[in-house]
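Please treat every number below as a calculation from the coordinates, not as lab data. Here the structure is a predicted model, which means the values were calculated and not measured. Here the Cβ is made from the backbone with ideal geometry for all residues, glycine too, and neighbour counts use every protein chain on show.
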């Protein structure tokens, strides 16, 4: 492959754009379930780069010499390369590279990631240029994960083979598949908001939706029995559609313990009870940790059932009890749309759900802060459809969002946040 140049990216010419349309249609014919991704990629010309690459924002950097002209790939080969580069984005190789022991070898990761992709493409009958990396070529088994290939390649490396981490995908100077594959950026890589032919880069949220649409199409294709869907691609689709999740109650217990531990660790010195360790002529203070007080604010106008509300609350109270926090050191408040003033209750079972929405949980958090003595930790149990305070309250804030994962992304940065699925109380 040729060495990368410093040529800056530019829009495709009319001839290049027409050739790219043909290549994209060929790629679609080979792997029709990739349609949502193939038609979302934003092509950019990088003359002299020597290969094709992607960035994190779904821009495809194309060396036009491989698209048109005497040295161009065939339409089927170019279509296969297009599917290859799309796979780097689908399989989030850039994010996965961050999980490798740092600093990682860009050249080795490029081989590992390419091998993870290419065996699936070849199994699906996709045509690729001669000499592409496969698991067999690097001494590994087919249909494995890039992380496993990377580890085996690193183990096989000679100690004097050179170190990497900051070069291009091949630290020897060869061009790589770009930042979208977890490698060095293409020379002159465009910023996210830069528009090419009126189209800006695709953000993470939109990219996630595209991945899901493709995963659903792959699953449907595998279920229909038409064509060949490689095993590695089916495994990827299943991972997207049924991602592994840490049990919500474990996350909630962890966050509650964290908030309590942070507060309990605020040790103060006091002369009320002098230290038993004294020096001649000196009276030394003793250290005293606070007896942690917790306020729990329940959103009783939220669109959730009693079972949902009590599911989160039971986990919270279990953690507090194990930490020795109970009795008058735990205060329950309810906050709803009908009453502007939060109500103090003795038992969670006495909370009355008023229905509807529109509760401003800032009022409940402020009421908890105004308690005397004030709490050290305030835990809010809500469906999250509420405004949140702009500033951190005096107490450490824990937000428990029930049945609304999207709302969990809108809680303030100074809060600890956990989500509880709807129906968990059942």
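Worth pointing out:
- Each principal axis of region 1-118 carries a Cα extent, and these read 44, 35, 22 Å when sorted largest first.
- Relative contact order (%) - criterion: Cα under 8 Å, at least six apart; region: region 14-241: 24 percent
- Put simply, when 14-25, 394-405 are sorted by average Cβ atoms within 10 angstrom per residue, most first, you get 394-405, 14-25.
- Extension gain, residue 323 back to residue 39 (0.36 nm per residue minus Cα-Cα distance, nm): 96.8 nm
- Across every direction, the projection of the convex hull enclosing the Cα atoms of region 14-241 has a mean area of 12.1 nm².
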